[in-house]
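**Q** Could you have a look at this structure, given as structure tokens, before my questions?
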Amino acid sequence: MTTVAAYAAPAAKAPLERTTVDRRAVGENDVLIDIAFVGICHSDIHQVCEGWGKAIFPMVPGHEIAGVVAETGPGVTRFRAGDRVGVGCMVDSCRACANCKAGLEQYCTEGPVWTYNAVGKDGQPTYGGYAQKVVVDENYVVRIPQALSLDVAAPLLCAGITTYSPLRHWNTGPGRKVAVVGLGGLGHVAVKLAHALGADVTVLSQSLRKKDDGIRMGAGDYRATADPATFEDLAGRFDLILNTVSAPLDFGAYFSLLRTDGVMVNLGLPEEAAQLELQSLFGNRRSMSSSGIGGIAETQEMLDFCAEHGVAAEIELIGADGINDAYERVLASDVRYRFVIDVATI
Ligand code: NAP
Ligand code: ZN
Ligand code: ZN
């Protein structure tokens, strides 16, 4: 067992503060990772606030982990000390169910073991990446290609895979029209990925404040959702809408933007229940779906794709003493475009 410095919320809605956390001894198939950078995902804030239901405290959030292997267990075959690696939202799953066997560990029927705010197979709470080190089974660790710096790669471990997986599942490519709702952490990576896949991308943001950035990231069009003309102009246009907004939307208005057989995929996970008029789906056989992160093999595929196509997150690097302020700024939609913690400051 190793005791390492970490940042934790001691109770629901409490500010995060410096503390220590125990990591298990490196087991047969484990990798000990020196964490270099960790992204702040909006999901960290939902969970610290118990917005998704009862949570485990103290909570060390962080599931966008990038670092370097420090030590490996005797049974580890895929990594060795010095390798650049990442860990995302899950650190284990049953490995035997149909979903695990299909590489969809995120939909493990036993429930995956989440990186934090969960209980591991050893019966102990899991603690995330706002910490100096973490111990993870090698099967839930991915390799970060040399072409990606660790700081801008960290957010790809959640924001990257969460947007790449549905873009691929719904056949994003040349000739497809994709809208991304919300230009935050997930949204800005979604724009870059959809553009790299060859799609025609439109950003639907609350205002035009970030328009220049959206166009630079690869959007061909950028509209303000506060302007009712946006919904008239773009009616029936999109094959796919990726909704990354962390609050409920007027879904009917967005469904009207889908063409026949178009699909709106909700990636945002609001804390409140949403209202839905089913009539707004019935026209043009539209559908509504959702998607959760992506499997381990697909996460590796996404990182390799990003390295090949020059896709990375745009980040604001902060010290650990800036975490609580960063949370306030994310809640105010004032993020450009992912806060990443320099773990050396913990
Ligand atoms: P984020 O950085 O805060 O981005 C969300 C963006 O949505 C904001 O920047 C803002 O963009 C827009 N927005 C925020 N509040 C809004 C409102 N009331 N009305 C309209 N637009 C609003 O958050 P994130 O880290 O990308 O995460 C987004 C959501 O996805 C969260 O709910 C998170 O928990 C969830 N999530 C889901 C998965 C999954 O597997 N499905 C994985 C990770 C995260 P504009 O200013 O451009 O409008
Ligand atoms: Zn996340
Ligand atoms: Zn399983």
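**Q** Might you let me know whether region 82-92 holds any residue that is within 15 Å of ligand 1 (Cβ to nearest atom), assigned by TED's automatic domain parsing to the domain that holds Ser149 and under 16 Å from Pro125 (Cα atoms)?
**A** Scanning region 82-92, I find at least one residue that is within 15 Å of ligand 1 (Cβ to nearest atom), assigned by TED's automatic domain parsing to the domain that holds Ser149 and under 16 Å from Pro125 (Cα atoms), so the answer is yes.
**Q** Still on this structure, I have one more. Specify which of the listed residues (Ser287, Ser333) is among the polar types (S, T, N, Q) and at positive phi.
**A** Ser333
**Q** Can you name the residue in region 76-105 that is without any contact (Cβ under 8 Å) to a residue 60 or more places away in the chain and open to solvent by less than 30 Å² (accessible area, probe 1.4 Å) and, of all such residues, is farthest from ligand 2 (Cβ to nearest atom)?
**A** Cys97
**Q** Exactly one of (1) under 24 Å from the mean Cα position of the chain (by Cα); (2) touching a residue at least 60 places away in the same chain (Cβ under 8 Å); (3) over 27 Å from Ala313 (Cβ atoms) is unmet by Thr72. Its number?
**A** (1) is the only condition that Thr72 fails.
**Q** Among the candidates Val91, Val142, Val136, which residue alone is away from ligand 3 (no atom under 16 Å from the Cβ) and closer than 17 Å to Val26 by Cα?
**A** After applying the criteria, what remains is Val136.
**Q** Next up: Considering region 134-154 alone, what residues qualify as being closer than 16 Å to Gly62 by Cα and either in contact with a Cys (Cβ under 8 Å, 6 or more places away or on another chain) or part of a loop (DSSP other than H, G, I, E, B) (or both)?
**A** Across region 134-154, the qualifying residues are Val141, Ala153.
**Q** Select the strands (runs of 3 or more DSSP E) contained entirely in region 168-238, then report the ones holding at least 1 residues which are among the basic types (Lys, Arg).
**A** 177-181, 221-224
**Q** When the residues of region 104-133 are narrowed to those that are outside any loop (DSSP other than H, G, I, E, B) and within 15 Å of ligand 3 (Cβ to nearest atom), which ends up nearest to Cys89 (Cα to Cα)?
**A** So the residue we want is Trp114.
**Q** Okay, moving on. Does Gly51 satisfy being open to solvent by less than 40 Å² (accessible area, probe 1.4 Å), at negative phi and part of a loop (DSSP other than H, G, I, E, B)?
**A** Criteria met by Gly51.
The values are calculated or read from the model by the stated rules, or taken from the named source; none is laboratory data. Just so we're clear, the structure is a prediction, and the values are computed from it rather than from any experiment. Virtual Cβ from ideal backbone geometry, glycine too; neighbours counted across all protein chains shown. Ligands, DNA and RNA are stripped out before the accessible areas are found, and what is left, the full protein with its side chains, is counted by its heavy atoms. Shrake-Rupley method; radii C 1.70, N 1.55, O 1.52, S 1.80 Å.
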